[in-house]
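Working notes, structure below.
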Amino acid sequence: MFIPNAKTETVPSLWNDVTPPRQICESLSGDQQSDVVVIGGGFTGLSCALHLAKSGHKVALLEGREIGFGGSGRNNGQVIPVLSGPEPDQIEARYGETGERLVQLIADSADFLFRLVAQENIACEEEQTGWFQPAHSQGHMKVSQARVKAWAKRGAPAQLLDQQQCEKLLGSKQWFGGMLNPTGGHINPLALARGMAQSCEQAGVKIYENTIVERVGKSGDGWLVSTPQGRIKTNAVFMATNAYSNELSQTLEPQTSRSLIPVTSWQMATPPISQQLREQIMPNRQAVSDTRGDLQFFRFDARNRLVTGAALMVPINAQARLKTMVGARLAKAFPQLGTPQFTHVWSGFVGMTPDRYPHFHQLGENYWSAIGFNGRGVALAVAIGAEIAKAIDGQDMNTLALPVSKPKAIPIQPVARRVARLALPYYRWLDTRTPK
Ligand SMILES: Cc1cc2nc3c(=O)[nH]c(=O)nc-3n(C[C@H](O)[C@H](O)[C@H](O)COP(=O)(O)OP(=O)(O)OC[C@H]3O[C@@H](n4cnc5c(N)ncnc54)[C@H](O)[C@@H]3O)c2cc1C
């Protein structure tokens, strides 16, 4: 039985059970020097470090626990080339030409990830089988239609499936059609994080683990990054700590750390299912997340386990309640499956921002942060890490997809994070309404 706990050293999850282990790197000690310091060993930090090292920079990456300890090692592994909130028109209206570049980066993000995996030869059970967002009501088909139109206008190969095509794709009569983007798919997220760390090391990045950054301060023309055991003097810093920003240190950039709300997302996996059922349920192995606010999502892993999950308002007796609730949901959607058992239940924090946009900050000269992927950070975090690497490399900001804003702490953020999960009944109510 797996006890979910955001603070354990090794996260107990399906991914931890099926992913080859790696040698943990030493902690930082003493006084060191580097061109760039990246804080956080998830997809965002690893991608930035890798791209910088490949363009000739000396990079140190400091991870408070282990590579993949945060959302990157715990997620559902769905590679999704859209945001969870803002639509392309809204992003462009808000940010103008930079917004247009950001929309293009999002549209290309799944391809970007799968290309990187191929180039770096990372073994992460990658399957570019497409991402499907089925409409959970006839009314939500209007949302799917508008999305397909908006993304197709920007060159994304989005397609609208009708109810019959949807039933064939899912092996379920429960949904009404929806948006298919064939560039999406799924990966084993912990294997991707560990593989990216290996690529980083091969490119010359010095990784330090079990090294919690407590402070970044000015030092001459550059920065001094301080941890309890050592310090690094550097010209540039990238803070890539997302939903775990305030979990490991309360002193590192509180304005930024408290500008998002870490919301618990529960993940679960069934035992491998039979080949006969496999051929009936999602026979082409897409990653699926529907149009609900109280999201229903699932995909197969490489061993034909269904990997799924849910949100809970109150975490009391979580494992038993999740097994009952999600088991019943799956049985309703896929009657041929019966009521499934679950071998793994685990959780992680999703970094939600009040406006549902990811936020990019310049915290000082050559000091950046990128946080708030709102549950859609597998493809996006990898692409944004590479974009921040270009900014640190000195590329003209007028060519980059980074609308930079000032960090704004959420008032009484510790209370807000407790209240956030109480919004779940509201999302469930919204799910029953016909969208305008
Ligand atoms: C349960 C769950 C399911 C999800 N499912 C999906 C999905 O299917 N598809 C999708 O697109 N997105 C999904 N997401 C979101 C996605 O996982 C994240 O957006 C993405 O992994 C963020 O990557 P990151 O590198 O920015 O942050 P993280 O992976 O969280 O990495 C941040 C790292 O910073 C470290 N850190 C924090 N503070 C410090 C410090 N002071 N010093 C040093 N290190 C520090 C942490 O230990 C952590 O390892 C999911 C998230 C969760 C939690």
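Just so it is clear, none of the values below were taken in a lab; they were calculated from the coordinates. From a predicted model like this one, the values you see are computed outputs, not experimental measurements. Cβ placement follows ideal geometry from the backbone for every residue including glycine, while neighbour counts extend to all protein chains displayed.
Using only Cα atoms, tell me the angle between helix 378-392 and the longest principal axis of the chain; keep it within 0 to 90° and round to the nearest 10.
Around 20 degrees separate the two axes.
Taking Cα centroids, how far is region 411-434 from region 219-252 in Å?
32
Output ³J(HN,Hα) for region 250-260: one whole-Hz value per residue in order, computed from phi by the Karplus curve 6.51 cos²θ - 1.76 cosθ + 1.60 with θ = phi - 60°, and x for Gly and Pro.
8, 9, 7, 6, x, 4, 6, 4, 8, 8, 10
With bins 10 Å wide starting at 0, give me the P(r) of the chain over every alpha carbon pair, in whole percents.
Percent of pairs per bin, in order: 5, 22, 33, 26, 11, 2, 0.
For LYS54, go through the aspartates and glutamates and keep the ones whose alpha-carbon is under 17 Å away, minus same-chain ones fewer than eight residues off.
Candidates past the 8-residue exclusion: ASP35, GLU120, GLU201, GLU387, ASP393.
Label points 7 Å out from Cα along the Cβ direction at ASP355 and ARG329: separation in nm?
Each label point is offset 7 Å from its Cα along the Cβ direction, giving 3.0 nm.
Applying a 10 Å radius around every beta-carbon, put 227-233, 364-370 in order of their mean neighbour count, most first. Walk me through the intermediate numbers first.
Numbers: 227-233: 17.4, 364-370: 20.3.
For the peptides 227-233, 364-370, the packing ranking is 364-370, 227-233.
State the Cα centre-to-centre distance between region 327-348 and region 192-218 in whole Å.
37
Among the DSSP beta bridges whose two residues both lie in the chain, what percent are antiparallel, rounded to the nearest 5?
Around 65 percent of the beta bridges assigned by DSSP in the chain are antiparallel ones.
Please report the relative contact order for region 275-317, taking Cα pairs under 8 Å with a sequence separation of at least 6, and give it as a percent rounded to a whole number.
Rounded, it is 26 percent for region 275-317.
For LEU61, enumerate residues with amide H under 5 Å from its amide H, sequence gap 5+ or separate chain, H modeled in the peptide plane.
When sequence neighbours closer than 5 places are left aside, the close amide H contacts are VAL38, LYS206, ILE207, TYR208.
Using the Cα gyration tensor of region 297-436, with a ≥ b ≥ c the square roots of its eigenvalues, what is the shape: rounded (a/c below 1.5), prolate (a/b larger than b/c) or oblate (neither)?
Note, shape of region 297-436 comes out prolate.
Could you work out the helix-only [θ] at 222 nm for the chain, with each DSSP H run of four or more residues adding -39,500 (n - 2.57) and the total divided by the number of residues, to the nearest 500 deg cm²/dmol?
Helices in the chain give a 222 nm mean residue ellipticity of -10500 deg cm²/dmol.
Show me 344-357, 325-338 ranked by packing, highest mean number of other Cβ atoms within 10 Å first.
On the way: 344-357: 20.4, 325-338: 16.1.
Peptide ranking by packing, descending: 344-357, 325-338.
In nm, to one decimal, how far is the LYS54 label point from the VAL404 one, both placed 7 Å along Cα→Cβ?
2.4
Using only Cα atoms and rounding to the nearest 10 degrees, what angle (0 to 90) does helix 43-54 make with the longest principal axis of the chain?
50
What are the ³J(HN,Hα) couplings of region 295-309, residue after residue, when phi is run through the Karplus curve with 6.51, -1.76, 1.60 and θ = phi - 60°? Round to Hz, x for glycine and proline.
Whole-Hz 3J(HN,Hα) from phi for region 295-309: 4, 10, 8, 6, 6, 8, 9, 5, 9, 6, 7, 7, 10, 9, x.
Residue by residue, what Karplus-based ³J(HN,Hα) values in Hz, rounded to whole numbers, does region 87-95 have, using 6.51, -1.76 and 1.60 with θ = phi - 60° and x for Gly and Pro?
Karplus values, whole Hz, x for Gly and Pro: 8, x, 4, 5, 5, 6, 5, 6, 10.
Projecting each Cα onto the charge dipole of region 312-436 (Lys/Arg +1, Asp/Glu -1 at the beta carbon, about the Cα centre), which of HIS361, PHE342, GLY377 comes out farthest on the positive side?
Of the candidates, PHE342 comes out farthest on the positive side.
Report the calculated FRET efficiency for GLN280 and ARG418 (r = Cβ-Cβ distance, R0 = 35 Å), to the nearest 0.05.
On the way: r = 42 Å, r/R0 = 1.20.
Approximately 0.25, to the nearest 0.05.
Using Cα pairs closer than 8 Å and at least 6 residues apart in sequence, work out the relative contact order for the chain, in percent.
Answer for the chain is 25 percent.
Hey, got the Cα dimensions of region 221-305 along the principal axes, in Å, largest first?
Principal-axis extents of the Cα atoms in region 221-305, largest first: 63, 27, 21 Å.
Label points 7 Å out from Cα along the Cβ direction at ALA93 and LYS168: separation in nm?
The two pseudo-label positions are separated by 3.7 nm.
Quick query: amide H of TRP368 versus all other amide H atoms, modeled in the peptide plane; which residues come in under 5 Å with a sequence gap of 5 or more or a different chain?
Residues meeting the amide H criterion: VAL237, PHE238, MET239, LEU363.
What FRET efficiency would be calculated for the residue pair GLN104, ASP396, taking the C-beta separation as r and a Förster radius of 22 Å, to the nearest 0.05?
Calculated transfer efficiency: 0.85.
With axes computed from alpha carbons, what is the tilt in degrees of helix 140-153 against the longest principal axis of the chain, rounded to the nearest 10 within 0 to 90?
Between helix and principal axis, roughly 50 degrees.
Kindly rank 173-179, 236-242, 247-253 from highest to lowest mean number of other beta carbons found within 10 Å of each residue.
Top to bottom by mean Cβ count within 10 Å: 236-242, 173-179, 247-253.
Kindly count the pairs of lysines across region 145-297 whose alpha carbons are less than 30 Å apart, treating pairs on different chains or eight or more residues apart as eligible.
Step by step, the pairs that qualify in region 145-297 add up to 7.
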